[in-house]
1. In segment B:132-151, what count of residues is obtained for those that are aliphatic (A, V, I, L, M) and assigned to a strand (DSSP E or B)?
2. Can B:Phe65 be described as buried (at least 16 other Cβ atoms within 10 Å of the Cβ), within 19 Å of B:Phe146 (Cβ to Cβ) and either touching a residue at least 24 places away in the same chain (Cβ under 8 Å) or among the small types (Gly, Ala, Ser) (or both)?
3. Cβ-Cβ below 7 Å, separation at least six or inter-chain, first residue in segment B:17-29 and in contact (Cβ under 8 Å) with a residue 40 or more places away in the chain, second small (Gly, Ala, Ser): which pairs?
4. Considering only residues that are among the basic types (Lys, Arg) and farther than 10 Å from A:Asn80 by Cα, look in segment A:50-69 and name the one that is surrounded by the most Cβ atoms within 10 Å (Cβ to Cβ).
5. Can you tell me which residues in segment B:132-151 are charged (D, E, K, R) and within 11 Å of chain A (Cβ to nearest Cβ)?
6. Starting from residues that are polar (S, T, N, Q) and under 17 Å from A:Gly180 (Cα atoms), keep the ones in segment B:124-151 and report whichever is surrounded by the fewest Cβ atoms within 10 Å (Cβ to Cβ).
7. Is there a residue in segment B:77-88 that is closer than 23 Å to A:Lys209 by Cβ and in contact with a Ser or Thr (Cβ under 6 Å, 6 or more places away or on another chain)?
Amino acid sequence: MIASKPDFSKAYIAANELLATGKELDTFPFPIKPLIKANTDVSLCSFEKAKRKFNANIKAWGSESAVLQEYQGQAIIFYNKEKTGNPKPRIKFNLQLFASSGPISMTGNVSEKSISDHREYFFGKSVHEIEKYLNRRGYQTIIRPSKNPDSKAAVIKVLNSTHERNITQVLVSPGSKRHGEVPYVKISTDNGRYKVINSRPEEYKTDGKEKAKLFFRRYW
Amino acid sequence: MNNSQTIIPFAGTDMITFDMTYDQVRNALKESKIVFNVDFRPNKGCTPEVPWKIIRTNNSVSVFFANDKMFKINCGSSSQGILNNGIKVGMSIEDAMKTDPTLEYDEFEEYYVSSNGYWLFVDSGSDTISDITVFIKAVLDDEIFFSYKWC
């Protein structure tokens, strides 16, 4: 698991956008779980459940109230029921936490750093799961098959790219003859290409001429 | 389908041409005693969701159909396919680019595109051509092709 430090200034803007536009907000105070479910891929887990099911002591990560962790690409907010109370006074804190997770910002922007920091997010996800994630960030998309004759890859083509919403297309490959059967996701933006590869560098075949920036799975 | 067959952009090969139906291709292969299998690609979730049927012969030639209309033929590494300009499977990509200066690399999908109507796929280890693909004209335009209005 990787502890991740949220970017609070970015998250504050994104959380406010959600507060203004979230369809799930019809009462106040509002339940946080439906909002998170509808707008993010983040999972929620109480400290108590983590202890009971996985024998994990979340407080050992340094927070008495809530903490965002990433495990095999899945962002999880662990929260302490005893501290949140009812009605939950920590809603604002949680919104800030989840809004800052994942490689794509709430406004649809990705950068080399955000992809590098959150590369595990893409691993193990199908083309449809990645498309849904893009759609939640405001992208209108279609899926088409790859042109490569032996490939089972698919391309998510973006129909409404802008300078801010800067992804133009995403190729999701379960592995190919060309690159040594390792799964990867290639993200094309208006200012560069990035390939997130679910393997160690030595397992990936390349001619060394690729212009895309390569990010391999990290092992701890 | 014998080895060392000629591939002609927008037309097909010596034996398989784009005006043939799925049944006609199967019959032609059977008559020539060429072993093949049929692969089905459902293209689930694609827009629109048009499944493909792919006839794959034992000498790595693949013939692609959408709604019984042939749209693409791929000649792989053991096909010994040769284009009418002399470019062939197994040739170095460097030599191919000298023969056809219109070849351009598509960085996103990682293949070479010729404005003369074919694609080349290259083995990343040896830099030699592993596959030659020819297709119908509709394939040249993604919007026309992936709407399948030509089916």
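1. 2
2. Judged against the criteria, B:Phe65 is a match.
3. Listed by first residue and then by second, the contacts come to B:Phe18/B:Ala11; B:Phe18/B:Gly12.
4. The selected residue is A:Lys51.
5. Matches in segment B:132-151: B:Asp142, B:Glu143.
6. B:Ser126
7. The answer is yes; a qualifying residue exists.
Residue-by-condition table, conditions (1) in a helix (DSSP H, G or I); (2) more than 20 Å from the chain's Cα centre (by Cα); (3) within 11 Å of chain B (Cβ to nearest Cβ):
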{"residue": "A:Glu131", "(1), (2), (3)": "yes, no, yes"}
{"residue": "A:Asn135", "(1), (2), (3)": "yes, no, no"}
{"residue": "A:Ile142", "(1), (2), (3)": "no, no, yes"}
{"residue": "A:Lys157", "(1), (2), (3)": "no, no, yes"}
{"residue": "A:Gly175", "(1), (2), (3)": "no, yes, no"}
{"residue": "A:Val185", "(1), (2), (3)": "no, no, no"}
{"residue": "A:Asp207", "(1), (2), (3)": "no, yes, yes"}
{"residue": "A:Glu210", "(1), (2), (3)": "no, yes, yes"}
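All of the numbers you see were taken from the coordinates with simple rules; none came from a lab. Predicted model only: the values in this text are computed from it and were never measured. All Cβ positions, even for glycine, are placed from backbone atoms using ideal geometry, and neighbour counts span all protein chains on display.
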